[in-house]
Structures are given as structure tokens and as C-alpha cells.
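Down below is the structure, laid out as C-alpha cells.
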Amino acid sequence: MKRPVLIAAAGLICGCLLAAWQVFLWVILAILTVIVCLAFKVLGKKGAPLALYVIFLLAGWLIMGNSIDVREKMEGIRQDTVITVTGKVDNAEEGEYGCRLYIKLKEGYCIANLYDESLKSLNKEALTEMLGSRIRVTGRKKDFKEAVNQGNFSEKAYNYSRGVILKIDAVSIGIIDHRADEFKIWAYRLRERFNETMRNICTDRLAGVFMAMIYGEKGMVDKEIKSSFSDAGISHILVISGVHISIAGMGFFYLLRKLLPISHAAAVSSLAMIMYVIIAGGGVSAVRALIMFLLCLGGSLTGRIYDIKNAVAVSAIILIVNNPYYLFNTGFLLSFTSVFAIGFVLPCIIEFINTKKPVIKAFITSAAVNTLNAPIIANTYFEISPYSVLLNIIVVPFMSIVVLFGLLGLAAGQLSYGAGAVVIYPAVFIINFYELLCRLVIKLPFARIVTGHFEVWQLILYYGFTAVTVYRMYKITLRDKKKKIKTYIKAAACGASGIILSLTLYIAVPRRNTITFLDVGQGDSSVFISGGGMVCIFDAGSASRDNCGRYNILPYLKYSGISHIDYIILSHSDEDHINGVGEILDDKSVSVGNIIVPPGDKGFDELMRNYGEN
């Protein structure tokens, strides 16, 4: 059986999705039993891959079903019910409203918010001493907030995808077994030291970028830089990814091989990378890269050839078994689709085109990754940047230099801040160059295209047509290697059909006259969309929610595929009716035709001064 792990991973994923979509087990069993029996009767031993697929499909169904049962049990506990949980302290965070603990339970994680006055004295330093200890926390259960409007952020979905199943506001904490995790405490203090070093060897604005890139400290990234990178389609560089693990891990391994026996070099570099991923927060993309790195080292030690297809399948199985809700985590999906594009799609295209030119290979790599990632990005942010393909050709090759000099600068900064500033300067120059590129790209026409939300059938068609196109390239390459002219004609036909069919994502769904009253808290905003496509917004403000235009109104518009508003009609100038208008006007991906205000209302003077000329 060729690549059984790949077949097992596919079955596991399908089983999890069937359970999430609530397809009944007896229906699955009946259908699969018939299929397996027929397969063995017709194919004999060749039916073994199908049997393996079925076994893992059922395993996925059971794993996801168990996770759903646990979450439904937690959701069944009423809001503000006083409950007690017992588990091990896994992490501590400090935020705007106070500190919180992540407690590892048997079924998942519990967030314990320490907002109560009796717990305010516990700062992050004191909580860090609890890492690894087994504690008992009593508090009021809090429901995760769901998206108030279509396209809005869902705290519930976000936390489930990270394995968090419960949230409480703690009122008391008791330590059952104080066994401090010395490594995690050391890692926390090391991160704090790194943060201080970064702030001293470069500006606060860029320090946050390096903190995120090198060791996963995402909370310090400058909002302007984060927004600029996101709008240009390169926000992926702000997270720990396979690039970091490859550069740091393989570079360290090959360096050690010159000094130590291969087994010792592999052991030391493996331990170093495991520690690095833990220090970096253990994000899903970093864990995936770590698993693949360890498999690569295992291949080197045993004399086996490293196969990226098997490696990505093994890492997917490990992560999904640990938390099947990762299948709905944007970081998980982008990480695996990127690797899938490089490991499965890219070789077919490179072989098909038969080129050795680095520039063409770089373009094809960027195009392949962006082709598979585009629907995920669009379904998360409801917009895409068409220039990201070209931008990533420039950005990605320099990432190795950024990471390398960032790490060297951080190391030098432990001895002298001045030395660290000198060593890290090449990385600072490149980040400034990235930011300049992003600002230029954002100003180009169609820099941000609002796509709207895609339905499941559109995604299935898109990926289905993509798979068929790549498969046809593979078959043509095998059959017509010597018939170059004929091959190129078929290549053009494949590419054209792939592009045309992929446009199924943008099939316009017929509209009816609709009016939607948005939930903006204490305020007012409603959206009217006519069957002919005219869009009117009546009021746009909130007194109880900050940035309602950015976080409540704009996401709904983009989810609905709206890139132009014909009229914003404002009834009066109270803040809870107009304070979101400026945020809508500042967003360059959505244009506004007209704003209608009542005459004589002086409350609109500031709005007119800021935006009246446009």
C-alpha cells in the first residue's frame, strides 16, 4: 500500500467533518459497509486502502463526536453558575482587564479570569510561579460570546479551535499540589528578558514585529504595521512558521554535524527545537513544522528518504487527534494548505512547465500557495489582495535573513544593547523595506478586493476544479514529455479552464430586497440592500461598543460581498448613531457614494470637516 498514512489522514479528516456536520453514524456505517464489501469483492487485496480509509473515518467521527459532547455539556451549564474546576496551570497572561490562567483539564483547557478584587494582587509574576501546579479554582461560569452579526468575530469558535472549552470568572484559587514547572517558568522569564532586549536594540514599533516573528510574542505588534501587512497579504510573516523551524532547526543540525556524531547532533537539535516551540507559545503552525522537522531528522538517522507527503499526514493526524476543532482553525488550515501546495501541487506544475529558472519557480511557488490559501483567507477576512502573489515572491526569500539576523541580534543584545542594535540592523532594514512595499501596494488600484462569504458548495467546486487541473497537468507530463508544442497547447487549455472554473467562487447569487438590523449594542445601524444591488446604511454608531464601524458594521458588509455603499443616511448627530461612520470611510476596500444628513444639525460639523471634500 503506497503512503498509508496519507490515506489514514484523509479518512480521519472526513470523519471529523461528517461528525461536525451531524451526519448520523448509522448512515455512515451502512454506506461504508457496502462500499468496503464491494471493494474487496471487486479489487481483492487492492481494496485495503479503502478499508484503512474507512477505519480512520470512523475514528474521526468518534473523536469529533466526543469533543462535541464535551462542549455541549459545558454549554449546558448556565451563565453565572458557580462551579469548581481542578487542573494543572499551563499558562498565565496579563491583559487590559487583569490576569488570566489557562488550566489544563482532562477534556481541554479552561480560562480562569482573575478579575475579582480579591485576586487583583496576583500579578503575572506571581501567577508564573504557579505554572505546572495543580490548582482548584471556584468561579462563575461565563458563556463564550458568539458573532453578533454575520461576519463578526466569534469568541466561541475561536476558543474551541484552540482547545478551550470553558471560561470562568474566578473568585477563589487553592493550590492542591505545588509542583512548579521549572522549564515553563524559565521560558517565561526568558521571554521577558527577550522583550526587554528587543525594546533596547530597536524601536518599540519594530520590536513588536521581531517579538512576533522570532518567538511568538504577538500582543506587542504595532497596529499600523499589522494592518499594513494584513491589507497587502503578507500577515503570515508575523507568526512562527515552518520557515523559522527550517532555518533555525536544520541550520543548527548541519552545524552540529560538523562537531558531533549524527545521532548526537540530531538529539541536541531536536531538543533545541522542542524548547524553541514551547518558548514560542506552541502555535499550531509551529507544532506542525516541529513534527515535520523531527520526522526529517528521523529519516536522516535511519537512512530513510524524507517524504513530505507522509510527514504532513503524520503531523495532521497528531494535531487532529489532540483537538479535532483544529479543522476550523485558520492558522491550522493556512499552515497545512501551504505545505500541501509545496509538497503536492508545486512538483506537478514544475515538472509540467519543465523550467529551471529561479524567478519562474519563485512565481509558481507563490501562485500555488496563494491559490490554495485564497479561499481560506477570503472566508476569514472576506477580502483578498491580488498583488500578494508578486509581493510574496519578494518577501519570502528575505525571511531567512530577517530571522537569522533577528536571532543573532537578540543573542548579541544579551551582552550589549549596542552590539545587538548593530547586528540586527539588516533585519530592521528589511522590515522597513517590507512596510514601504506594503504602503505602495495598498495604494494600487484593486489592492483589496471584497469577496464576501463563500458557501460550502463554492469551496468544493473551487478545490475540485483545482485538483482536476493539477491532475491533468500530471497526466499530460507523463504522456507527452516529447511532444512539446502539443503539451504547451494542453497546458494553456488546462490553465484557462482552471481559471475559468475557479471563478465559481464569484458566481453572483441573486439578491432580494433585504433589510438587516445590526446588533451594535447601545446604538443603531441597519443595512438595506435592493434586488438591483443598491446599498443604503441607516445610522452607524454605538455608545456601548468601541470601534463598532470596524468590528461590527464593516465585517457584515464584507461578509455580504459589499464593496460600495450608495448612501449612508444619518438621522441625527448623537454619538450612538454616527461614531462608526469615520471607520467605514477610512476603510479603503469599501467605497461610499453619498452621505445624507439633516440640515442645521451642528453635530455633523466635524464629520464634514474631515470627509466633506470627498
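The values are calculated or read from the model by the stated rules, or taken from the named source; none is laboratory data. Remember, predicted model here, so these are calculated numbers, not experimental data. No Cβ is skipped: glycine too gets one built from the backbone with ideal geometry, and neighbour counts run over all protein chains shown. Each accessible area value is taken on the protein alone, full model and side chains, heavy atoms only, with ligands, DNA and RNA left out. Shrake-Rupley method; radii C 1.70, N 1.55, O 1.52, S 1.80 Å.
Any idea what the relative contact order of the stretch 181-257 is, in percent, if you count C-alpha pairs under 8 Å spaced at least 6 apart? The partial results should precede the final answer.
Details: 50 pairs, mean separation 15.6, N = 77.
Relative contact order, the stretch 181-257: 20 percent.
Please state, as a whole number in µm²/s, the translational diffusion coefficient that the Stokes-Einstein equation yields for the stretch 288-352 at 10 °C and 1.306 mPa s, with Rh defined as the Kirkwood radius across alpha carbon pairs. Provide the component values of the computation, followed by the final result.
On the way: Rh = 12.7 Å.
The diffusion coefficient I find is 125 µm²/s.
Quick one: compute the contact order of the chain, relative version, from alpha carbon pairs under 8 angstrom and 6+ residues apart, as a percent.
Rounded, it is 10 percent for the chain.
So if I restrict to the alpha-carbon atoms in the stretch 215-317, what is the Rg, and what is Dmax, the biggest pairwise distance, in Å?
When restricted to the Cα atoms of the stretch 215-317, Rg and Dmax are 15.6, 48 Å.
Taking 7 Å along the Cα-to-C-beta vector as the label spot, tell me the SER121-ARG140 distance in nanometres, rounded to one decimal.
2.3
So, in nm, how far is label ASN432 from label ARG257 when the simple model puts each one 7 Å beyond its Cα toward the Cβ?
Here the answer is 3.8 nm between the modelled labels.
Below 8 Å, C-alpha to C-alpha, sequence gap of six or more: please give me the relative contact order for the stretch 70-177 in percent.
Numbers: 215 pairs, mean separation 35.2, N = 108.
Reported relative contact order: 33 percent.
What's the FRET efficiency of ILE393 with PHE446 using the Cβ-Cβ distance as r and R₀ = 25 Å, to the nearest 0.05? Can you show the working numbers first?
On the way: r = 19 Å, r/R0 = 0.74.
Working from the Cβ atoms, E equals 0.85.
Can you pull the accessible area of PHE429 for me, 1.4 Å probe, Å² to the nearest 10?
120
Where does the stretch 378-458 land on the Kirkwood hydrodynamic radius, alpha-carbon pairs, in angstrom? Don't skip to the end; give the middle numbers.
Working: mean 1/r = 0.0666 Å⁻¹.
It works out to 15.0 Å.
What is the log10 of I(q)/I(0) for the stretch 312-442, computed with the Debye formula using one identical point scatterer on each Cα and no solvent, at q = 0.17 Å⁻¹?
Calculated log10 I(q)/I(0) at the listed q: -1.06.
If I stretch the segment between PHE517 and MET534 completely, what's the gain in nm (0.36 nm per residue apart, minus their alpha carbon distance), one decimal? Show your work: numbers first, answer last.
Details: separation 17, 0.36 × 17 = 6.12 nm, distance 1.66 nm.
Full extension of this stretch gives 4.5 nm more.
May I ask you to compute the full-extension gain from TYR417 to PHE153, defined as 0.36 nm times their residue separation minus their alpha-carbon distance, rounded to one decimal in nm?
Numbers: separation 264, 0.36 × 264 = 95.04 nm, distance 4.00 nm.
Working it through step by step, the gained length comes to 91.0 nm.
Too long at a 28 Å Cα-Cα cut-off: which of LYS73/LYS124; LYS106/LYS142; LYS218/LYS443; LYS361/LYS475; LYS124/LYS218? Before the final figure, lay out each step's value.
Numbers: LYS73/LYS124 31 Å; LYS106/LYS142 19 Å; LYS218/LYS443 26 Å; LYS361/LYS475 20 Å; LYS124/LYS218 17 Å.
As for pairs spanning more than 28 Å Cα to Cα, those are LYS73/LYS124.
Along the charge dipole of the chain, Cβ charges K/R +1 and D/E -1, which of ALA157, LEU557, ALA19 sits furthest on the positive end?
It is ALA19, whose Cα lies furthest towards the positive end.
Filter the chain for me: DSSP H helices, axial length by Cα at least 20 angstrom, mean Kyte-Doolittle hydropathy not below -0.5. List them by residue number.
On the way: long enough: 4-20 (24 Å, 2.35); 25-43 (26 Å, 2.77); 48-75 (40 Å, 0.90); 182-201 (28 Å, -1.01); 262-279 (25 Å, 1.91); 284-302 (27 Å, 1.85); 308-322 (21 Å, 1.87); 358-381 (32 Å, 0.84); 388-413 (35 Å, 2.33); 417-442 (35 Å, 1.61); 456-479 (34 Å, 0.60); 484-502 (26 Å, 0.81).
Those that clear 20 Å and a mean of -0.5 are 4-20, 25-43, 48-75, 262-279, 284-302, 308-322, 358-381, 388-413, 417-442, 456-479, 484-502.
Taking the Cα centre of the chain as origin, sum charge times position over the Cβ atoms of Lys and Arg (+1) and Asp and Glu (-1), and report the length of that vector in debye to the nearest 20.
Numbers: 61 positive and 48 negative charges, 808 e Å.
Roughly 3880 debye for the chain.
Restricting to DSSP H runs of at least four residues, report the calculated mean residue ellipticity at 222 nm for the chain, -39500 (n - 2.57) per run over all residues, nearest 500 deg cm²/dmol. Let's see the in-between values first.
Values: 24 runs with 342 residues, N = 614.
Computed mean residue ellipticity for the chain: -18000 deg cm²/dmol.
Got a number for the accessible area of CYS202? Probe 1.4 Å, square angstrom, nearest 10.
In the full protein context, CYS202 sits at about 20 Å².
Cα centroids of the stretch 145-200 and the stretch 396-460: how far apart, whole angstrom?
Taking the Cα centre of the stretch 396-460 as reference, the centre of the stretch 145-200 is 26 Å away.
Please report the equivalent ellipsoid semi-axes of the chain, computed as sqrt(5 x eigenvalue) of the Cα gyration tensor, largest first, in whole Å. Mind showing how you got there, number by number?
On the way: eigenvalues 290, 238, 176 Å².
Ellipsoid semi-axes (Å, largest first): 38, 35, 30.
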